[in-house]
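A.B. asks: Below: one structure in structure tokens.
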Amino acid sequence: MAQTGNDPIIVAGGGIGGLAAALGLANKGYRVLVLERASELGEIGAGIQIGPNAFHAFDALGVGDAARAKAVYVDHLLLMDAMTDRRIVAIPLDDPFRRRFRNPYAVIHRADLHGVLLEACRSNDRVQLRVNAQVERYEQSGTSVAALLASGERVVGTALIGADGLWSNVRRQLVDDGAPRVSGHTTYRSVIPTERMPEDLRWNAATLWAGPKCHLVHYPLKGWEVFNLVVTCHNDAPEPVAGRPVSHDEVRRGFQHVCARARSIIEHGVDWKLWVLCDREPIQNWVDGRVALLGDAAHPTLQYFAQGACMALEDGVCLADSLERQDGDIAEALILYNRRRAVRTARIQLGSRLLGDYVYHPDGARADVRNAALAAMSAEDFYDELQWLYGGTGLNTAF
Ligand SMILES: Cc1cc2nc3c(=O)[nH]c(=O)nc-3n(C[C@H](O)[C@H](O)[C@H](O)COP(=O)(O)OP(=O)(O)OC[C@H]3O[C@@H](n4cnc5c(N)ncnc54)[C@H](O)[C@@H]3O)c2cc1C
């Protein structure tokens, strides 16, 4: 176990994936240097849904209790028909769900989730965190790897983990598969105080209103202080965008056709910001010698399974475990990590596109089929369908 030589393992990117990897590796005795390009470590001010598999990862990283303390535990995954204002199905997340998957389903503020990992990294002597450090590319020999920074600095390590997100520089060199695929789906986000949320929508649920080529999501966050609003329309947006402020009018445009109650959600939002979503085709290999990808850099996905961050957390756990299993043989450990993660994450990438088409955005007869098929399912049926996902962990893929 643990470090061979003096150089640390370098992690490019201090997002959820990078910090999970850093923590996992440090817990196994490795020294880790996180290089983050931004001037501060942090996350955007919005919510995120986390399945039981994310809690397995938190536990494996030693931050389970801290993460649990920040989460809101929703009672249902609630699917509403955004055209008719009718409930299609409410999947219960109560004790039978928790017993089945050995952990809860929850929602959490991204800054809180990231903060839990950051705090644990800061308290760990083996983790060093550097900001204003943009990794441009890498060079490697048989025994070490160097991250070359935008500043011209050369940082030497025993391995380099590219956790540098959707637009990863490490991936550009390692895979060289061009820019991410622009999905044409535009997402608008807003976080509002709970008192702004209409009372008849203050549900303790991760709620999804599904309509033709659009959907709306809301859930409470931060001990019910605020509500997270995320509304998405498939408007064939041609260019990637991340976090641009937009007017109410622009948000309204993609939702004129849905029922009044669903439309009203938009009226209660403030300071809307826009993202145009991207993903990539899954790939089988994301390792080059002493360099590997992790999280969105390896397998960026649309958000329809609500699993991108959960997969990044699982990656961190699996990476650390693979290094331990290979007793520090970096190249073999990275190959093992890649092999253990590739199929599960590819299934998320491909399945998310299908969920978008068949559950989130169908119209007419296709929407009728969705409503009838999902309404006919029992809670146990849903749990069976989700077993591969929520029953799996970073260490054990349950297919
Ligand atoms: C609308 C939407 C909703 C979502 N909802 C969910 C959900 O409910 N549940 C869920 O699990 N997931 C969700 N996701 C997905 C999730 O947000 C991502 O999968 C996750 O944040 C990826 O984490 P990451 O650390 O791999 O990448 P990122 O969060 O992108 O972090 C990358 C980090 O690397 C830094 N960086 C970038 N380039 C460099 C460089 N060259 N050198 C150094 N540092 C660099 C960046 O500044 C950043 O800090 C959602 C995504 C979207 C868009």
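Rule-based calculations on the coordinates, nothing more; no lab input. In this text, all values refer to a predicted model and were calculated from it rather than measured experimentally. Counting neighbours? That spans all protein chains shown, and the Cβs are built from the backbone with ideal geometry, glycine included.
A.B. asks: I'd like the Karplus ³J(HN,Hα) series for segment 47-58: coefficients 6.51, -1.76, 1.60, θ = phi - 60°, whole numbers in Hz, and an x wherever there's a Gly or Pro.
C.D. replies: 3J(HN,Hα) across segment 47-58, in whole Hz: x, 8, 9, 10, x, x, 5, 5, 5, 4, 5, 4.
A.B. asks: Still on this structure, please answer the following. Using the Kirkwood formula over every pair of different C-alpha atoms, what hydrodynamic radius in Å results for the chain?
C.D. replies: Computed over the chain, the radius equals 21.5 Å.
A.B. asks: With each label point set 7 Å from Cα along the Cα-Cβ vector, what nm distance links Glu239 and Tyr358?
C.D. replies: Distance between label points: 3.5 nm.
A.B. asks: Between the alpha-carbon centers of segment 1-75 and segment 293-324, tell me the distance in whole angstrom.
C.D. replies: 11
A.B. asks: So, one more: Once both labels are modelled 7 Å past Cα along the beta-carbon direction, what's the Ala376-Trp167 spacing in nm?
C.D. replies: Modelled inter-label distance: 4.6 nm.
A.B. asks: How much of the calculated P(r) for segment 135-284 lies past 18 Å, in percent of all Cα pairs?
C.D. replies: More than 18 Å apart: 66 percent of the Cα pairs in segment 135-284.
A.B. asks: Based on other C-beta atoms within 10 Å, arrange Ile44, Ile88, Ile108 from fewest to most.
C.D. replies: Sorted ascending by nearby Cβ count, the order is Ile44, Ile88, Ile108.
A.B. asks: Hey, another quick one. Sticking with the crude label model, points 7 Å out along Cα→Cβ, report the distance from Arg122 to Arg87 in nm, one decimal please.
C.D. replies: 4.2
A.B. asks: When averaged across all projection directions, what area in nm² does the alpha-carbon convex hull of segment 12-163 cover?
C.D. replies: Mean projected area of the Cα convex hull: 11.9 nm².
A.B. asks: In addition: Quick check: Cα centre of segment 353-378 to Cα centre of segment 209-237, how many Å?
C.D. replies: With segment 353-378 and segment 209-237 each reduced to a Cα centre, they are spaced 18 Å.
A.B. asks: Provide, in order from the shortest bin, the percent of all Cα-Cα pairs of segment 224-276 in each 10 Å bin, continuing until the bin that contains the maximum pair distance.
C.D. replies: 21, 56, 21, 1
A.B. asks: What's the extension gain from Val131 to His248 if we count 0.36 nm per residue and subtract their Cα-Cα distance?
C.D. replies: Stretched fully, the Val131-His248 segment lengthens by 38.6 nm.
A.B. asks: Something else now. Taking each pair of different alpha-carbon atoms in segment 198-238 once, compute 1/r for the pair, average those values, and report the inverse of that mean as the Kirkwood hydrodynamic radius in Å to one decimal.
C.D. replies: It works out to 11.4 Å.
A.B. asks: Using the Kirkwood formula on the Cα atoms of segment 91-199, what hydrodynamic radius do you get, in angstrom to one decimal?
C.D. replies: Evaluated over segment 91-199, this radius sits at 18.8 Å.
A.B. asks: Still on this structure, please answer the following. What full-extension length gain, to one decimal in nm, is calculated for Tyr73 and Asp200 as 0.36 nm per residue of separation minus the Cα-Cα distance?
C.D. replies: Here the answer is 43.8 nm.
A.B. asks: Further question on the same structure: Evaluate the relative contact order of the chain (contact order divided by residue number), counting alpha-carbon pairs under 8 angstrom at least 6 apart; express in whole percent.
C.D. replies: Rounded, it is 21 percent for the chain.
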